[in-house]
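The values are calculated or read from the model by the stated rules, or taken from the named source; none is laboratory data. Quantities reported herein were computed from a predicted structural model and do not represent experimental measurements. FYI the Cβ positions are ideal-geometry reconstructions off the backbone, even for glycines, and counts take in every protein chain you see.
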Amino acid sequence: MEKKNILTGIRPTGRLHLGHYFGAGKNWVELQDKYNTSIEIADVQALTDNFENPQKVKKSVRDLAIDILAIGVDPQKTTLFVQSMIPEIAELTVYYSNLVTIARLQRNPTVKTEIKQKKELFGEKGEGITYGFLGYPVSQAADITAFNGELIPVGEDQLPLIEQCREIVRKFNSIYGVVLKEPNAYLSENKRIKGLDGNDKMGKSLGNAIYLCDDEATIKEKIMGAITDKNKIKKDDPANPDVCMVYYYHKLIKNENIENVCNECKKGQRGCVNCKKELIEKMNEFLAPIQEKIHYYEEHPEIVDQILKDGSIKAKKTAEATLKTVKSAIGINYFE
Ligand code: SF4
């Protein structure tokens, strides 16, 4: 049976954190044996809200590729490529932009949330929002369809973007003939990963993330500041581990001592400082093999660049074929 195509896009605006790893990254590694997997480093999309800071995006492309390789994505199995190296995506975006209204983009819950989070850039009421940012879901539809993406690993918060893509595909197929595939979301087991501060989402802009490349001192500082059960005042007060972020991370990284952590916490036999110290130790153990690979690739950037170049050449061929089909369906395949 033919393998299905899985496409993931990730904006290069910083390093991978645990939210990325448990929310999607683990899936990328597990799925690469079962599917035709591609990972797009979406630098063009990153520019939609970083257009004044292209150097940040440029640096993040390689940093992100390093993190992706370090978690176990194998370039022999997964096509890892850079979005701007595939101009066909930009051309597809132009054709698809006729198939979606401004009002629909403004109603997209993911876009609305992001506009709220970027008040400094787009103003209190989103009055400074750019054409490029509002249209990024259209560009995402171009990403997905360019590579015939059938399954898209996403968190719950990104489901509206997949629905937007499906609508564009349906509209295109209804006007020009059925040539594009509707993608489906592939939700990861852990969905959203909470931040150290108890926020429902771990995020760079929220300042509540542990990064895969964080050194021991940084991890210690972050975990010592994590939110615990506020009702536990004294060391031997019984507490509720279910409201504690330290317990949440013990569970997330599958500390084999988790039952003791839970029972001792409930009975007041465990102090929060010691509990955090245990988590720091376990977290460093958990991250050690990933960080070993990060350091290897950081010392060999030429290997990373070659992987990105090879992946982009391969991806471009697929996108060229899709664009040809799309132009032919629209009827603008002149002089062939
Ligand atoms: Fe959280 Fe551990 Fe303190 Fe319980 S003992 S509240 S699990 S840090």
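When you look at Asp200, is it buried (at least 18 other Cβ atoms within 10 Å of the Cβ), more than 11 Å from the ligand (Cβ to nearest atom), closer than 22 Å to Met283 by Cα and not β-branched (Val, Ile, Thr), yes or no?
Against the criterion (buried (at least 18 other Cβ atoms within 10 Å of the Cβ), more than 11 Å from the ligand (Cβ to nearest atom), closer than 22 Å to Met283 by Cα and not β-branched (Val, Ile, Thr)), Asp200 does not qualify.
Inside region 129-215, counting only helices (runs of 4 or more DSSP H) that do not spill past its ends, which hold 2 or more residues that are at pLDDT 95 or above?
Helices (runs of 4 or more DSSP H) meeting the threshold: 136-146, 159-176.
Conditions: (1) near the ligand (Cβ under 9 Å from one of its atoms); (2) crowded, with 20+ Cβ neighbours inside 10 Å; (3) of a type in the set (Val, Ile, Thr). Ile210 meets all but one. Number of the miss?
(1)
Can you confirm whether region 219-238 contains a residue that is within 16 Å of the ligand (Cβ to nearest atom), in a helix (DSSP H, G or I), surrounded by fewer than 20 Cβ atoms within 10 Å (Cβ to Cβ) and polar (S, T, N, Q)?
Checked region 219-238: no residue is within 16 Å of the ligand (Cβ to nearest atom), in a helix (DSSP H, G or I), surrounded by fewer than 20 Cβ atoms within 10 Å (Cβ to Cβ) and polar (S, T, N, Q).
For Gly72, work out the one condition from (1) in a loop (DSSP other than H, G, I, E, B); (2) surrounded by fewer than 18 Cβ atoms within 10 Å (Cβ to Cβ); (3) within 15 Å of the chain's Cα centre (by Cα) it doesn't fulfil.
All conditions are met except number (3).
Can you tell me which residues in region 239-267 are more than 26 Å from Gly19 (Cβ to Cβ) and within 9 Å of the ligand (Cβ to nearest atom)?
Glu264, Lys266
A quick yes/no check of all residues on (1) within 26 Å of Glu299 (Cβ to Cβ); (2) modelled with pLDDT under 95; (3) surrounded by 21 or more Cβ atoms within 10 Å (Cβ to Cβ):
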residue: Leu47; (1), (2), (3): no, no, yes
residue: Ala65; (1), (2), (3): yes, no, yes
residue: Lys77; (1), (2), (3): yes, no, no
residue: Val94; (1), (2), (3): no, no, no
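Considering Asn255, Asn274, Asn260, which residue is more than 26 Å from Ser60 (Cα to Cα) and not in a helix (DSSP H, G or I)? Show your work before the answer.
Values: Asn274 fails: not in a helix (DSSP H, G or I); Asn260 fails: not in a helix (DSSP H, G or I).
Just one listed residue meets the conditions, Asn255.
Considering only region 70-129, state which residues are within 28 Å of Ile175 (Cβ to Cβ) and among the small types (Gly, Ala, Ser).
Ala90, Ser97, Ala103
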